[in-house]
Amino acid sequence: MASNATSGNACPQPMKATSNGAFQGDNPLDFALPLAILQICLVLVVSRGLAYLLKPFRQPRVIAEIIGGIILGPSVLGRNKSYMQKVFPPRSLPVLDTLANIGLIFFLFLAGLELDLKSLRQSGNRVLAIAMAGISLPFVIGIGTSFVLKQTIAKGSDNAAFLVFMGVALSITAFPVLARILAELKLLTTNVGKTAMSAAAINDIAAWILLALAVALSGHDRSPLVSLWVFLAGCGFVICAILIVPPIFKWMSQRCHEGEPVEEVYICATLAAVLAAGFVTDAIGIHAMFGAFVVGILVPNDGPFASALVEKVEDLVSGLFLPLYFVSSGLKTNVATIKGAQSWGLLAFVIFTASFGKILGTLVVSLFCKVPFNEALVLGFLMNCKGLVELIVLNIGKDRKVLNDQTFAIMVLMAVFTTFITTPLVTAVYKPARKGKITNYKYRTIGRKNANSQLRILACFHGARNIPSMINLIEASRGIQKRDALCVYAMHLKEFSERSSSMLMVHKARRNGLPFWNKGHHADSNHVIVAFEAYRQLSQVSIRPMIAISSMNNIHEDICATAERKGAAVIILPFHKHQRLDGSLNITRNDFRWVNKRVLEHAPCSVGIFVDRGLGGTSHVSASNVSYRVTVLFFGGGDDHEALAYGARMAEHPGIRLLVIRFVGEPMNGEIVRVDVGDSTSTKLISQDEEFLDEIKTKIANDDSIIYEEKVVKDGAETVAIIRELKSCNLFLVGSRPASEVASAMKRSECPELGPVGGLLASQDYPTTASVLVMQQFENGAPINFTISDSEMEEHVPDRDSESA
């Protein structure tokens, strides 16, 4: 893409690639490579800094990148002529534009991969009607707006091309941006979200067709036949691509298997095909990115090949090259050209007409399709968001001299404003009802009077590493030998981000989440789901796998909401550290720790943090082979009650032996040492402990699998010494907040969420191979305080359709 930022009649001298260094008298900013490096670093710092500042406003990153480009351009920093001549001199812009367009080509390839054509074919007439209304009315209004602009600030513009460019610019909905807004607002699996996604995808494809038409009409040749030949050649390219590309990439995809590395030659061949398609469409006269987008749509996106392809490309493209496109656009945007009442009035007019056409067209057709008014209005707001595609249209129009500086600046500001207001408008208008909330949620803890009632567990995991031990823990929790005694919701926690792989993850979860329950998709089986399904078939446990796709900042909301909706008595969370081969615990990801802390604070039921040291080994242990020694360290208090209740339930399994050790403070002046929380409270705690232990002692008389011991200790050091002597144990069960001075006197844990006892057992100072489950009992109305420095939910149940949370 040729840059328009170059000014002056004389062509600037080309820049040499590298300098000899400052010590030899060369200024690095006079050479292409060091200057490009400086420009890239500056762009990244500004765009990422703005993204961080806009994060509390729940804005997509594209807003920060567009604004960053405007700030770096002549509108803000560019008012300093010395800055522009040193950092963005005219002769450096061809290099910058070339890098930006290479990034744009591959980004549009990834955008094509994000579109799920299989879902579009199943969208139905309602979605098609909403999408067409969201395109046609704004397109017509855009043409009408172009006549107003031609009479004022766009005199002399090419008639046909200007009309089409304005129509396309006002009718676009940015599919990638919309998807991330929906994920941030947790609307992806609602009816509004699904409809908006499908309609935006249709809109996206239609926009590219209209853009190809606009580009064909914007040529400088005076003969109208040239535009016709460009358009026909573009259609021929698409037809040839449809016939040639899918079989080749289907063959590649079939040779790539789940869990195996994809051969490098396939990745290289795909990237070369993207560049070749870009070359062909550029030679035709459309734009190189159009060919890349077509190839992206035609590549199968439902297998490991697509995932590997995106993983290798997206970070470099989205993180490094694409921001250059925004600064390239920002260098052409001069807000100072919008001056005077007429220009600012035209800006308001363009914003109004763009929003009015999108919202009204979508609203009317949605109401005609019997969509509730509130949802129809939200659909209009969502379809009104712009983004990178809008910027691409405007830049092509600017480069082809269809749009002048003032019109270009007005349209860029319109795109920023309409996208920025999307999230606030949707959150203000739409409050989705919480579905499936149970009315009789009385079992919020494991401990209960009715031992025969069903225990519901929400077991969360991050990946395949957590699965064997989690399944073995579930097996140990089966308790009473009845089929409906235990119901487990196994939730796979996945992060949704700005990356293209997040959208592939959503599509894959929707289509192939449970191959055993959707019989036609064994080839795309998810090994995570397969493991739980295999256990479900072999055991008497009801397991329902789920997938939570959200940002790490708010995935705890999905966990807590699902626990409440499903009536879970306990949430099991994996510890943020995993065991290495040498037995030490290494941090998997620190974000997981903050997720655990937020769940502990907001959970509607009891919570357990599972420190996994390989419970049962690296594979599932069948019921007949289970042989575990479980130890409960009891100090007193509600959390310890919950740990002991869980241990008592595990002891019902024939392969489990339970050891209960009660720690009692050494008598001082005839009284037992307890936490100093007031006389009445202290007496109540002691009374509850004794009552609870009496029930366990009664059970011991009839069950030789439980051993009860009492240890009298005088301080924390003696308590630690006794705990260190416990060697032959597979699993420790402890409370996170023991109500005992001897426990409180122990060394403070580096992980407060585990408490003093759990922190000791999980520390590097305690040599053990035993796993640890730290329990926190649900206390209604009692918030838990810890010092702390976006989802899609889909559940797949046998013989039922997918259900959104």
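Values for this structure:
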{"quantity": "Packing-based order for 285-297, 37-49, 15-27, 132-144, using average beta carbon neighbours within 10 Å, highest first", "calculated": "285-297, 132-144, 37-49, 15-27"}
{"quantity": "Fraction of accessible area attributable to carbon and sulfur, region 34-429 (%, probe 1.4 Å)", "calculated": "69"}
{"quantity": "In order through region 759-771: 3J(HN,Hα) via Karplus (6.51 cos²θ - 1.76 cosθ + 1.60), integer Hz, x for Gly, Pro", "calculated": "x, 5, 5, 9, 7, 6, 6, 9, x, 8, 9, 7, 6"}
{"quantity": "Summed side-chain charge close to GLY112 - residues other than GLY112 whose Cβ falls under 15 Å, Lys, Arg +1, Asp, Glu -1", "calculated": "-4"}
{"quantity": "Surface accessible to a 1.4 Å probe, per residue, for the residues of region 34-429, Å²", "calculated": "39"}
{"quantity": "For region 690-773, radius of gyration divided by Kirkwood radius, i.e. Rg to Rh on alpha-carbons", "calculated": "0.98"}
{"quantity": "Around HIS620: net Lys/Arg minus Asp/Glu count, Cβ-Cβ under 15 Å", "calculated": "0"}
{"quantity": "In order through region 93-99: 3J(HN,Hα) via Karplus (6.51 cos²θ - 1.76 cosθ + 1.60), integer Hz, x for Gly, Pro", "calculated": "5, x, 5, 4, 5, 5, 4"}
{"quantity": "Area of SER355 that stays accessible when all protein chains are in place (1.4 Å probe, Å², to 10)", "calculated": "20"}
{"quantity": "Order of exposure, largest accessible area first, which applies to GLU65, GLU564 with probe 1.4 Å", "calculated": "GLU564, GLU65"}
{"quantity": "Cα-based convex hull volume of region 34-429 per residue, rounded to whole Å³", "calculated": "148"}
{"quantity": "Accessible surface ranking that places the most exposed of TYR535, TYR52 first, with a 1.4 angstrom probe", "calculated": "TYR52, TYR535"}
{"quantity": "Exposure of LEU413 as accessible area (Å², to 10), given a probe of 1.4 Å and all protein chains", "calculated": "40"}
{"quantity": "Region 555-625 shape via C-alpha gyration tensor axes, a/c threshold 1.5", "calculated": "oblate"}
{"quantity": "Helix-only mean residue ellipticity at 222 nm for the chain, each DSSP H run of n ≥ 4 adding -39500 (n - 2.57), per residue, nearest 500", "calculated": "-17000 deg cm²/dmol"}
{"quantity": "For ARG544, distant residues with modelled amide H under 5 Å away", "calculated": "VAL488, TYR489, ALA490"}
{"quantity": "Residue-level accessible surface for PHE162, protein heavy atoms, 1.4 Å, Å²", "calculated": "0"}
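The values are calculated or read from the model by the stated rules, or taken from the named source; none is laboratory data. Quantities reported herein were computed from a predicted structural model and do not represent experimental measurements. Ideal geometry is used to build each Cβ from the backbone, glycine not excepted, and the neighbour counts take in all protein chains shown. Accessible surface areas use protein heavy atoms only, side chains included; no ligands, DNA or RNA. Shrake-Rupley method; radii C 1.70, N 1.55, O 1.52, S 1.80 Å.
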